[in-house]
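No value in this document is a laboratory result; all are computed from the given coordinates. Everything numeric in this text was worked out from a predicted model, so none of it was measured. Counting neighbours? That spans all protein chains shown, and the Cβs are built from the backbone with ideal geometry, glycine included.
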Amino acid sequence: MNLKKIFTTLSFLLLLSCGYEPIYSKKQINNNYNFSINTINLIGDNKVNQILKNKLKKKINVEKKSTELNLNLNSRIEKSVTSKNKKGNPIRFSIKIMTNIEVFESEILKGKKNFEEKFEYNNRSNKFDLKQYEKNIKDNLISELSYKIIKYLNSLK
């Protein structure tokens with residue numbers, strides 16, 4: 001028993017002094033990206049665009065980097081019923097968020113890409129719960145889109 005406590009304490013101390021840092025710490029993220037975003041022009045669904053803009057600005061620091069990019073974002077949401085019961089009431093829904101991005105570096109088109117995220121979910125009896133659930137789904141899909149956009153922007157070297 002004593003040997004186990006000594007081993008646990010020693011391994012804990014060794015891990016503390018090894019210089020470990022999380023891979024996705026803010027310090028690491030800011031150092032990994034070699035670009036900054038000057039402006040983001042928004043077209044389409046305002047709610048999606050504003051959330052996307054905020055997420056992009058959070059993840060990319062505002063320091064001036066070697067490459068300064070201007071973005072045009074065009075987003076839209078499609079919500080559809082994927083299945084109905086015998087009475088015609090919806091059972092399953094689908095939400096699809098599509099974003100088209102154009103990347104400019106000093107007025108020169110550097111890249112263009114379409115991103116799409118889709119999620120299917122069941123209907124709920126309580127409409128308030130359904131709206132809250134849809135809001136959470138949209139937030140998660142937009143977070144995934146922002147991650148993909150940042151990954152794409154970093155690959156445009």
Report task. Return a yes/no flag: does segment 51-66 have any residue that is crowded, with 16+ Cβ neighbours inside 10 Å, in contact (Cβ under 8 Å) with a residue 24 or more places away in the chain and assigned to a strand (DSSP E or B). Result -> no
Query raised in the report: Do we find a residue being in contact (Cβ under 8 Å) with a residue 12 or more places away in the chain, surrounded by 12 or more Cβ atoms within 10 Å (Cβ to Cβ) and in a helix (DSSP H, G or I) anywhere in segment 85-108?
Result: no
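Could you check segment 109-127 and list, in sequence order, the residues that are free of Cβ contacts under 8 Å to residues at least 24 places away in the same chain and outside any loop (DSSP other than H, G, I, E, B)? Break it down into steps so the answer makes sense when it comes.
As a first pass, look at segment 109-127 and keep what is free of Cβ contacts under 8 Å to residues at least 24 places away in the same chain: 109, 112, 114, 116, 124-127.
Matches in segment 109-127: Leu109, Lys112, Asn114, Glu116, Lys127.
Yes/no matrix, rows are residues, columns are (1) in contact with a Cys (Cβ under 9 Å, 6 or more places away or on another chain); (2) of a type in the set (Gly, Ala, Ser); (3) exposed (fewer than 12 other Cβ atoms within 10 Å of the Cβ):
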{"residue": "Glu120", "(1), (2), (3)": "no, no, no"}
{"residue": "Lys131", "(1), (2), (3)": "no, no, yes"}
{"residue": "Ser146", "(1), (2), (3)": "no, yes, no"}
{"residue": "Ile149", "(1), (2), (3)": "no, no, no"}
{"residue": "Asn154", "(1), (2), (3)": "no, no, no"}
